[in-house]
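S.K.: The structure is given below, and queries will be raised subsequently.
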Amino acid sequence: DQQVKQNSPSLSVQEGRISILNCDYTNSMFDYFLWYKKYPAEGPTFLISISSIKDKNEDGRFTVFLNKSAKHLSLHIVPSQPGDSAVYFCAASAGTGNQFYFGTGTSLTVIP
Amino acid sequence: DVKVTQSSRYLVKRTGEKVFLECVQDMDHENMFWYRQDPGLGLRLIYFSYDVKMKEKGDIPEGYSVSREKKERFSLILESASTNQTSMYLCASSLSTHIRGYTFGSGTRLTVV
């Protein structure tokens, strides 16, 4: 059973606009969350993280929001750039020493 | 920067062959993982290892085995390759407390014909 879900397989956004990628999880023990970015023919690379003691973490153009009561997190990219076109995976773990569970990914296309 | 190196970018093997996928990391990470990535299914964990000679099954271990004889090297073995094992295989490593998650290799695209 998929414990981490990304219900949108794809998303298209105009350059300069905001991209919002969503992720839902079912396990209430998850307390550490990551977003990864993956280009074709490359491995995923770490983008941003958030722990359950926070509800927001920001790094440049990337912000992750966590809503623990809804078991939902989102990644905001502002402004979106063509180089952001990639597949984005969210991942969750119960504790920083435990296995991460990955979502199915959302393919983002930023249109110039 | 941590580097995770997978020995092959592309492989084509025949059904029934024994296939070895090799992964080496250079930063003394305790944990190593093998995932496969398939469209619509995301990243699924095959096997992982928390220490030398230790291995744990992931979510989809059937048809696979692993070997970790040295800390830096984690091998994935397809005992008898089948067409449903055609996939992108990703190796990853991490410290025991993975604050920044896993570091992934570039992947091996395996095609079984």
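No lab work stands behind these numbers, since they all come straight from the coordinates. Note that this is a predicted model, so its numbers are computed, not measured. Backbone-built Cβ (ideal geometry, glycine too); neighbour counts: all protein chains shown.
S.K.: Considering region B:52-78 alone, what residues qualify as being in a loop (DSSP other than H, G, I, E, B) and touching an Asp or Glu at 6+ places or on another chain (Cβ under 8 Å)? Steps first, answer last, please.
M.R.: Quick first cut of region B:52-78, residues in a loop (DSSP other than H, G, I, E, B) only: B:52-55, B:58-63, B:71-72.
B:Val52, B:Lys53, B:Gly63, B:Lys71, B:Glu72 - these are the residues of region B:52-78 that are in a loop (DSSP other than H, G, I, E, B) and touching an Asp or Glu at 6+ places or on another chain (Cβ under 8 Å).
S.K.: Continuing with the same structure: Only one of (1) part of a strand (DSSP E or B); (2) in contact with a Phe, Trp or Tyr (Cβ under 8 Å, 6 or more places away or on another chain) is not met by B:Met88, so which one is it?
M.R.: If we test B:Met88 against (1) part of a strand (DSSP E or B); (2) in contact with a Phe, Trp or Tyr (Cβ under 8 Å, 6 or more places away or on another chain), just (2) comes out false.
Condition check ((1) hydroxyl-bearing (Ser, Thr, Tyr); (2) closer than 15 Å to A:Gln3 by Cβ; (3) crowded, with 17+ Cβ neighbours inside 10 Å) across all residues:
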residue: A:Phe62; (1), (2), (3): no, no, yes
residue: A:Ser69; (1), (2), (3): yes, no, no
residue: A:Leu73; (1), (2), (3): no, yes, yes
residue: A:Gly83; (1), (2), (3): no, no, no
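S.K.: Being under 24 Å from B:Lys3 (Cα atoms), touching a Ser or Thr at 6+ places or on another chain (Cβ under 9 Å) and outside any strand (DSSP E or B) is the filter; apply it to region A:24-53 and report the residue that is nearest to the other protein chains (Cβ to nearest Cβ).
M.R.: Applying the filter and picking the extreme gives A:Gly43.
S.K.: Taking only region A:6-23 into account, find how many residues are facing chain B (nearest Cβ under 10 Å) and buried (at least 16 other Cβ atoms within 10 Å of the Cβ).
M.R.: As a first pass, look at region A:6-23 and keep what is facing chain B (nearest Cβ under 10 Å): A:6, A:9.
Remaining after also requiring buried (at least 16 other Cβ atoms within 10 Å of the Cβ): A:6.
Within region A:6-23, residues that are facing chain B (nearest Cβ under 10 Å) and buried (at least 16 other Cβ atoms within 10 Å of the Cβ) number 1.
S.K.: Restricting to region A:1-23, give me the number of residues that are part of a strand (DSSP E or B) and more than 15 Å from A:Ala94 (Cβ to Cβ). Spell out the reasoning first.
M.R.: So the first thing to find is which residues in region A:1-23 are part of a strand (DSSP E or B), and the list is A:4-5, A:10-14, A:19-23.
If we keep only those that are more than 15 Å from A:Ala94 (Cβ to Cβ) as well, we get A:5, A:10-14, A:19-23.
Total satisfying the criteria: 11.
S.K.: Restricting to region B:27-47, and then to whatever is touching a Lys or Arg at 6+ places or on another chain (Cβ under 9 Å), more than 12 Å from B:Asp59 (Cα to Cα) and not aliphatic (A, V, I, L, M), can you tell me which residue is surrounded by the most Cβ atoms within 10 Å (Cβ to Cβ)? I'd like the intermediate steps shown before the answer.
M.R.: Going residue by residue through region B:27-47, those that are touching a Lys or Arg at 6+ places or on another chain (Cβ under 9 Å) are B:27-30, B:32, B:35-38, B:43-47.
Next cut, more than 12 Å from B:Asp59 (Cα to Cα) only: B:27-30, B:32, B:37-38.
Checking the rest, the ones that are also not aliphatic (A, V, I, L, M) come to B:28-30, B:37-38.
Working: B:Asp28: 10, B:His29: 20, B:Glu30: 17, B:Gln37: 22, B:Asp38: 13.
Here the residue is B:Gln37.
S.K.: Tell me, which residue of region B:79-100 that is in contact with a Lys or Arg (Cβ under 9 Å, 6 or more places away or on another chain) and of a type outside the set (S, T, N, Q) is nearest to the other protein chains (Cβ to nearest Cβ)?
M.R.: Here the residue is B:Leu90.
S.K.: Might you let me know whether region B:59-78 holds any residue that is within 11 Å of chain A (Cβ to nearest Cβ) and small (Gly, Ala, Ser)? Reasoning before the result, please.
M.R.: Of region B:59-78, the ones within 11 Å of chain A (Cβ to nearest Cβ) are B:59.
Retained after the next criterion (residues that are small (Gly, Ala, Ser)): none.
For region B:59-78, residues within 11 Å of chain A (Cβ to nearest Cβ) and small (Gly, Ala, Ser): absent.
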